[in-house]
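Report on the structure given below.
The values are calculated or read from the model by the stated rules, or taken from the named source; none is laboratory data. These numbers were taken from a predicted model, which means no experiment stands behind them. Cβ coordinates were reconstructed from backbone atoms using ideal geometry, including for glycine residues, and neighbour counts include every protein chain displayed. The protein model used for the area step is the full one, side chains on, heavy atoms only, and it has no ligands, DNA or RNA in it. Shrake-Rupley method; radii C 1.70, N 1.55, O 1.52, S 1.80 Å.
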Amino acid sequence: MPLWGRKLWVIIIIKLFIMFAILKLFLFPDLLKKNFDNDKERGNYVLEQITVKT
Amino acid sequence: MLENIDLSLVNWSRAQFALTALYHWLFVPLTLGLSFILVIMETKYFRTGSEVWKKITRFWMKLFGINFAIGVSTGIILEFQFGTNWSNYSWFVGDIFGAPLAIEGILAFFMESTFIAVMFFGWGKVSKRFHLVSTWLVAIGASLSALWILVAGAWMENPVGMVFNPETARNEMNNFWEVLTNPVAIDKFFHTVTSGFVLASLFVIAISAWFILKNREKDMALKSIKVAAVFGFFASVVLIFTGDTSARTLAKVQPVKFAAMEAHYAGENNAGLTVIGFLKDVGELDGFTEKKVVAKIEIPSLLSIMTNGSKNSYVPGIKDFVYGNEEHNILSAEEKMRRGREARDLLFSYKEAKKTGNEVLADELKIKFDDAEFQQDCFKYFGYAFLDKPGDIVPNVPIVFYSFHIMVALGFLFILIQILAWFYSYRNNLDTKKWFLRLAIFILPLAYVAQETGWIVTELGRQPWVIQDLMPVSIAVSHVSSATVQLTFWLFTILFTALLVAEISIMKRQIQNGPKIEEE
């Protein structure tokens, strides 16, 4: 494999590692999945959010 | 707006999304367009058996590979942001957003990824026919990926094919066909994909021009320019046509955005189309600043013709949508806010009834949400309930106006470049036109500017909505710490800038190396 091809693979691996092992795991949790146990609770939470009166 | 909404959080979340989308879009259009240019080149190789076409195909494939490898997956970060920064929105859109993205992931992305491996590593290992089929499937797969993402995006601009379920607080898809054939999705798909074709054509022309100026690989460069110019010219024609149909659709489904694109404040018959002009403040109205286009070049009546097909037709302006216009049957924003509040109050009563265990009342209220009349008259304006004042429906007009006019002007400049490239190629004197070759190189960054301004018009023109008329951005945002969003904003800035620098430096080196084929 040429040098530029190896460089590309290194970039791909580093990029995917940063995205999935750092960003997704530590900084981008799915909030509703993390904070509530089931869809009913998630739905109720969002319902509260979208019925707040101004 | 809601008193408990942190505007700094909303703005940082928007900035982060915009940064990611704009960077992601630096990589995508080249993939979309160059894949089809490769298809043409490899088909020529397949049909003629000429080693020259093989060499040409492999050179551009190498550049395609660099762009694909560095850009791939950068869009997934947008999906991360949905779950974290925009959780209310993610829940509210329900399966409407999830279904097209899942199809994109399963069908298009896997198809693209599988055949891309054959395309890169299959030279000499698989038959010429199978290799060509793989290249075709990569190109089709790339466009299919775009299709599903754009279908999801189009729904945000024109929500169709769904019904809101108050029990789950989600929109549920009841007509997949309607979602897929959403007129905004069709326009957006063809306009976006062909814009990628145009960019790729200019990319090939610019790099080939560089080779000719350097007096290197002239045969490859001249052949490449011919393919790119013809391909790009036809793509530009479709692009202009789809731009026109997109504008007509927008005038119906996102009329405020449409008016903002032209800074059209006062509705009128025989409305002219501004070709070029500058905005000047006229005065403060109720929550927005009225502007006037000065020093302008205008084509009389063209906006009326383009919008309604008739010279005398009325094109409503921003003020018509803010204050309403009975004569033309346009509801005021105030009236829409009243209807939106009615829908929200009903949802509130439903929620309270469920909370207190009053199932009879809850069932009665739920039936209302299935009523077509209520959906059409009230729920359609649900998002207006969260606005403070009628002027809140007006987006940032200067950004939308200038971005739109820059995009259109560049689009017409590009078609001129493609025509000239085609003409000089046909006359076999392209290599003597140094001024044109230099111009072609200069144009390449502008192709990216046109891409980005297109997205700015789409996204900023839709403000204040994340889902047109149903949900403003302030309600869509999650209650997370503004500091975390700021931190990740800067992390993304560093990550994406590093990727862009890597792309440019590796690509530059490979262009300088030329089309020599390394052992793989």
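Sort out which residues of segment B:309-325 are of a type in the set (D, E, K, R) and part of a loop (DSSP other than H, G, I, E, B), and write them in order of number.
Of the residues in segment B:309-325, the ones of a type in the set (D, E, K, R) are B:311, B:319-320.
Scanning segment B:309-325 gives a single hit, B:LYS311.
Residue under question is B:ASN396, and the condition is that it be under 26 Å from the mean Cα position of the chain (by Cα), surrounded by fewer than 16 Cβ atoms within 10 Å (Cβ to Cβ) and not small (Gly, Ala, Ser); does it hold?
Details: under 26 Å from the mean Cα position of the chain (by Cα): yes; surrounded by fewer than 16 Cβ atoms within 10 Å (Cβ to Cβ): yes; not small (Gly, Ala, Ser): yes.
When the stated conditions are applied, B:ASN396 passes them.
Name the single residue that is farthest from the chain's Cα centre (by Cα) among those in segment A:19-49 being under 30 Å from B:LYS62 (Cα atoms) and facing another protein chain (nearest Cβ under 7 Å).
Per the stated criteria, the residue is A:MET19.
Report whether or not B:GLN418 is open to solvent by 10 Å² or more (accessible area, probe 1.4 Å), in a helix (DSSP H, G or I) and either out of contact with any Asp or Glu (no Cβ under 8 Å at 6 or more places or on another chain) or closer than 30 Å to B:ARG339 by Cβ (or both).
Details: open to solvent by 10 Å² or more (accessible area, probe 1.4 Å): no; in a helix (DSSP H, G or I): yes; either out of contact with any Asp or Glu (no Cβ under 8 Å at 6 or more places or on another chain) or closer than 30 Å to B:ARG339 by Cβ (or both): yes.
Here the answer is no, as B:GLN418 does not meet what is asked.
Tell me, yes or no, whether segment B:137-151 has at least one residue that is away from chain A (no Cβ under 14 Å), surrounded by fewer than 21 Cβ atoms within 10 Å (Cβ to Cβ), out of contact with any Asp or Glu (no Cβ under 6 Å at 6 or more places or on another chain) and more than 28 Å from B:LYS257 (Cα to Cα).
yes
Limited to segment B:477-492, what total is found for residues that are in a helix (DSSP H, G or I) and surrounded by 15 or more Cβ atoms within 10 Å (Cβ to Cβ)?
So in segment B:477-492, the residues in a helix (DSSP H, G or I) come out as B:482-492.
In the following step, the residues that additionally are surrounded by 15 or more Cβ atoms within 10 Å (Cβ to Cβ) were identified as B:482, B:484-486, B:488-489, B:491-492.
Result for segment B:477-492: 8.
Can you name every residue in segment B:52-77 that is hydroxyl-bearing (Ser, Thr, Tyr) and either in contact (Cβ under 8 Å) with a residue 60 or more places away in the chain or closer than 17 Å to B:ALA139 by Cβ (or both)?
In the first step, residues of segment B:52-77 are kept if they are hydroxyl-bearing (Ser, Thr, Tyr); the result is B:57, B:73-74.
Result: B:THR57, B:THR74.
State which residue pairs qualify: first residue open to solvent by less than 80 Å² (accessible area, probe 1.4 Å) and inside segment B:122-133, second residue small (Gly, Ala, Ser) in any location, beta carbons under 6 Å apart, and separation of 6 or more residues or different chains.
Sorted first by the residue in segment B:122-133, then by its partner, the pairs are B:HIS131/B:GLY122.
Would you confirm whether any residue within segment B:169-180 is free of Cβ contacts under 8 Å to residues at least 60 places away in the same chain, among the polar types (S, T, N, Q), outside any helix (DSSP H, G or I) and open to solvent by 50 Å² or more (accessible area, probe 1.4 Å)?
Yes, that holds for at least one residue.
Give segment B:21-70 a look and list any residue that's of a type in the set (Gly, Ala, Ser), under 22 Å from B:THR114 (Cβ atoms) and away from every other protein chain (no Cβ under 12 Å), or say none. First the steps, then the outcome.
Within segment B:21-70, the subset of a type in the set (Gly, Ala, Ser) is B:21, B:33, B:35, B:49-50, B:65, B:69.
The next check asks that each one be under 22 Å from B:THR114 (Cβ atoms); those that pass are B:33, B:35, B:65, B:69.
Matches in segment B:21-70: B:GLY33, B:SER35.
Would you please name the residue that is nearest to B:PHE68 (Cα to Cα), looking only at residues in segment B:497-520 that are in a helix (DSSP H, G or I), within 10 Å of chain A (Cβ to nearest Cβ) and touching a residue at least 40 places away in the same chain (Cβ under 8 Å)?
B:GLU503
Restricting attention to segment B:20-53, report how many residues are open to solvent by less than 40 Å² (accessible area, probe 1.4 Å) and in contact with a Lys or Arg (Cβ under 6 Å, 6 or more places away or on another chain).
2
Test of understanding: among B:VAL151, B:VAL198, B:VAL126, B:VAL179, which residue is in contact with a strand residue (DSSP E or B) (Cβ under 7 Å, 6 or more places away or on another chain) and of a type in the set (A, V, I, L, M)? Spell out how you get there, then give the answer.
Values: B:VAL151 fails: in contact with a strand residue (DSSP E or B) (Cβ under 7 Å, 6 or more places away or on another chain); B:VAL198 fails: in contact with a strand residue (DSSP E or B) (Cβ under 7 Å, 6 or more places away or on another chain); B:VAL126 fails: in contact with a strand residue (DSSP E or B) (Cβ under 7 Å, 6 or more places away or on another chain).
One residue alone meets the criteria, B:VAL179.
Show me the helices (runs of 4 or more DSSP H) entirely contained within chain A in which 1 or more residues are more than 30 Å from B:ILE511 (Cα to Cα).
Values: elements: A:3-16, A:31-35, A:39-50.
Qualifying helices (runs of 4 or more DSSP H): A:31-35, A:39-50.
How many residues are more than 22 Å from B:VAL160 (Cβ to Cβ), in a helix (DSSP H, G or I) and either small (Gly, Ala, Ser) or more than 8 Å from every other protein chain (Cβ to nearest Cβ) (or both) if we restrict to segment B:71-99? Talk me through it step by step, then tell me what you get.
Looking only at segment B:71-99, we keep the residues that are more than 22 Å from B:VAL160 (Cβ to Cβ), and these are B:71-81, B:83-85, B:87.
Those left that are additionally in a helix (DSSP H, G or I): B:71, B:76-81, B:83-85, B:87.
Narrowing the set further to residues that are either small (Gly, Ala, Ser) or more than 8 Å from every other protein chain (Cβ to nearest Cβ) (or both) leaves B:71, B:78-79, B:83, B:85, B:87.
Count: 6.
So, in segment B:54-84, how many residues would count as being open to solvent by less than 20 Å² (accessible area, probe 1.4 Å) and farther than 27 Å from B:PHE203 by Cβ? Steps first, please.
First, pick out the residues of segment B:54-84 that are open to solvent by less than 20 Å² (accessible area, probe 1.4 Å): B:56-57, B:59-67, B:69-71, B:74-75, B:77, B:80-81, B:83-84.
Right, trim to farther than 27 Å from B:PHE203 by Cβ and you get B:80-81, B:83-84.
Number of matching residues: 4.
Checking B:SER87 against (1) in contact (Cβ under 8 Å) with a residue 24 or more places away in the chain; (2) open to solvent by 40 Å² or more (accessible area, probe 1.4 Å): exactly one of these is not met. Which one?
Here B:SER87 meets the rest and fails (2).
If you check B:ILE276, B:ILE305, which single one turns out to be more than 14 Å from chain A (Cβ to nearest Cβ), on the phi < 0 side of the Ramachandran plot, open to solvent by 30 Å² or more (accessible area, probe 1.4 Å) and without any contact (Cβ under 8 Å) to a residue 24 or more places away in the chain?
Numbers: B:ILE276 fails: without any contact (Cβ under 8 Å) to a residue 24 or more places away in the chain.
Result: B:ILE305 is the single residue among B:ILE276, B:ILE305 that is more than 14 Å from chain A (Cβ to nearest Cβ), on the phi < 0 side of the Ramachandran plot, open to solvent by 30 Å² or more (accessible area, probe 1.4 Å) and without any contact (Cβ under 8 Å) to a residue 24 or more places away in the chain.
Would you confirm whether or not segment B:363-382 contains a residue that is modelled with pLDDT of 95 or more, touching a Lys or Arg at 6+ places or on another chain (Cβ under 6 Å) and either open to solvent by 30 Å² or more (accessible area, probe 1.4 Å) or assigned to a helix (DSSP H, G or I) (or both)?
yes
Counting only residues that are touching a residue at least 24 places away in the same chain (Cβ under 8 Å) and closer than 27 Å to B:THR181 by Cβ, which one in segment B:104-121 is most open to solvent (accessible area, probe 1.4 Å)?
Top of the filtered list is B:LEU107.
For the structure I just gave you, tell me whether A:LEU16 is facing chain B (nearest Cβ under 8 Å), of a type outside the set (S, T, N, Q) and open to solvent by 30 Å² or more (accessible area, probe 1.4 Å). Step through it out loud before you land on a result.
Values: facing chain B (nearest Cβ under 8 Å): yes; of a type outside the set (S, T, N, Q): yes; open to solvent by 30 Å² or more (accessible area, probe 1.4 Å): yes.
Taking the combined requirement at face value, the residue satisfies it.
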